[in-house]
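Single-structure report; data block below.
The numbers here are math on the coordinates, done by the rules we state, and not lab data. Here the structure is a predicted model, which means the values were calculated and not measured. Don't worry about glycine lacking a Cβ; one is built from the backbone with ideal geometry, like all the others, and counts go over all protein chains shown.
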Amino acid sequence: FKESNGFPETFLWGSASAAYQIEGAASEDGKGVSNWDQFVRIPGKTFKATTGDLAVDHYHRFKEDIALMAEAGLKTYRFSIAWTRIIPDGNGEVNEKGLAFYDAIIDECIKYGIEPMVTVYHWDMPQALQDQYGGWENRQIVKDYVRYATTLFEHFGDRVHYWITMNEQNVFTSLGWLTGMHPPGKVMDQKMFYQVNHHANMAHAYSVLELKKRYPDAHVGASFAYTPGYAWDCKPINAMAKADYDDLQNYFWMDVYAYGRYPKAAIRYLESNGIHIQMEAEDQKIMKQAAALIDFMGVNYYQTAAIEYNPIDGVGMSTEVNTTGKKGTAKEEGIPGLYKKPSNPYLEKTDWDWTIDPMGIRMCCRDITSRYDLPIVISENGLGAFDKLEEDNVIHDPYRIAFLEAHLKELKKAIDDGCDVWAYCTWSFTDLLSWLNGYQKRYGFVYVDREEDDTTAKLNRYKKDSFYWYQNVIKTNGKDL
Ligand code: BG6
């Protein structure tokens, strides 16, 4: 038995969002068109063809939202900046109105003592760059991304001390170039998938160097969507499948951020499949320099996966996803010859078939601590659920409280295990647009009164039961957990 020290006094209790999912105001004040503005207009891509044109109108209601964050007691607010507000066509003129909007958000946070934590890129790429040269597919993106990131560092760096370069590079590249569910909607373009990842890695690396040149004390990292794997059983072939899964699906990104290199087994696997990542002479050196400068590993934790050997004629990537909230519709998927992810019979699942596994958050922290010995920022964790607005505008969400409480208990254990965890951001604070699932899949502490249909949107904000629960967690610094 060991006595718990609890959460450190400096612990940053927070919540997270992304520009496209909350702001709306899709073409106001000079904002350019993003890849998502365009992609959602392709029939069949999103649930009920929902767009982020209005989203939850945070663009006009950010003061109300941040006042609610202050009421909940948030110590940090993680949000992303829309590249298309700052540089509408991706690499042309800077839009002063875009800078002014985020100045106002940052200043509003600071007014309440909330530490702004800024994500440079949360998936919304200027469509103009996609049209000009194929966006992430072209090495030119590195220069344009770094110019955009540097514009942010120079303008906001005096007030922003926590920066996240990329949100879930593993997700936007997998869904963009393998399953086709995100823009640019390519299916199983493996070669390009790895090349795009290399460009994103270089964009990350060069921007870390640019930030640290200007603000050596700023804290920077990338947010990785970490899905820890469990070997299906103790058959050696399944344990090896889990090692393959880690090298190709987890360490392939985290090793780059933390060590500045790709896992050797992953590179050998790619080469044996005729995939050679095109690099420039300096790339490996720059990746290492950036890795030496990052301050934390950002972790978006939602679920774990069971991993089993997958024969050569076994299942491949699934291009279908449960966007309806009808349990049991997700398909098994994997990489033939390596691994597959059968459903874990020991775990409950959400309505969208995501496993519910609080212990997984402790696993993430333990693994990162032993492999990289880096501080950790939990940049996302939360439960997507159907919520019901009842009479008198109350929302009872005991399932969300139970989910978050169980995860926080495990996070506390991770801290007691010796993991250096700096922050915990729930996904999300207000309800917001779920990229593919419309507004029915809700994550917030604050209910936003809107459905998929924009014309009926009232957009009023109502506090859910979980709002008061989180408020107490923060007030007591997690002591009652
Ligand atoms: C993360 C993303 O993958 O998960 C968020 O960073 C996203 O942007 C969140 O909304 C939840 O995903 P979903 O598909 O349930 O909305």
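Separation of the range 73-141 from the range 343-393 is 26 Å, based on Cα centroids.
All other residues whose Cβ lies under 9 angstrom from that of GLY384 are scored, Lys and Arg at +1 and Asp and Glu at -1, for a net of +1.
What ranking of ASP57, ASP480 emerges when the number of other C-beta atoms within 10 Å of each C-beta is taken as an exposure proxy, fewest first? Show your work: numbers first, answer last.
Working: ASP57 18, ASP480 9.
Lowest to highest Cβ neighbour count: ASP480, ASP57.
Considering only DSSP beta bridges with both partners in the chain, what is the antiparallel share in %, to the nearest 5? Given both bridge residues lie in the chain, the antiparallel proportion sits at roughly 25 percent. Exposure proxy for ASP233, ASP351: other Cβ atoms within 10 Å of each Cβ, ordered fewest to most, give ASP233, ASP351. Classification of the range 128-243 by its C-alpha gyration tensor yields an oblate form. The axis ratio a/c (a ≥ b ≥ c) is 1.5 or more, and b/c is at least a/b. According to the square roots a ≥ b ≥ c of the eigenvalues of the Cα gyration tensor, what is the shape class of the range 292-414, taking rounded for a/c under 1.5, prolate for a/b larger than b/c otherwise, and oblate for the remainder? Verdict is oblate for the range 292-414. By the Cβ-Cβ criterion of under 4.7 Å, the unpaired cysteines of the chain are CYS109, CYS234, CYS364, CYS425.
Annotation note: GluC sites (Glu not before Pro) in the range 36-95 located in DSSP loop regions with a Cβ neighbour count of at most 16 within 10 Å are GLU93.
Suppose each label sits 7 Å from its Cα in the direction of the beta carbon; what would the ALA67-GLN278 distance come out to in nanometres? For ALA67 paired with GLN278, the spin-label model returns 5.3 nm.
The GluC sites (Glu not before Pro) of the range 361-410 meeting both criteria, a DSSP state outside H, G, I, E and B (loop) and at most 14 other C-beta atoms within 10 angstrom of the site's C-beta, are GLU390.
Over all other residues within a Cβ to Cβ distance under 14 Å of VAL187, the charged ones net out to 0, with Lys and Arg as +1 and Asp and Glu as -1. Local charge for TRP232 was computed over the other residues whose Cβ lies under 11 Å away, with Lys and Arg +1 and Asp and Glu -1, and equals +2. Reducing the range 166-235 and the range 408-481 to their Cα centroids gives an inter-centroid distance of 24 Å.
What shape does the chain have by the C-alpha gyration tensor, where a ≥ b ≥ c are the square roots of the eigenvalues, rounded means a/c under 1.5, and otherwise prolate means a/b greater than b/c and oblate the rest? It is rounded, given that a/c, with a ≥ b ≥ c, falls under 1.5. Exposure proxy shown here: for SER466, SER272, SER4, the number of other Cβ atoms within 10 Å sets the order, fewest to most, as SER272, SER4, SER466. The trypsin sites (Lys or Arg not before Pro) of the range 399-481 meeting both criteria, a DSSP state outside H, G, I, E and B (loop) and at most 10 other C-beta atoms within 10 angstrom of the site's C-beta, are LYS458.
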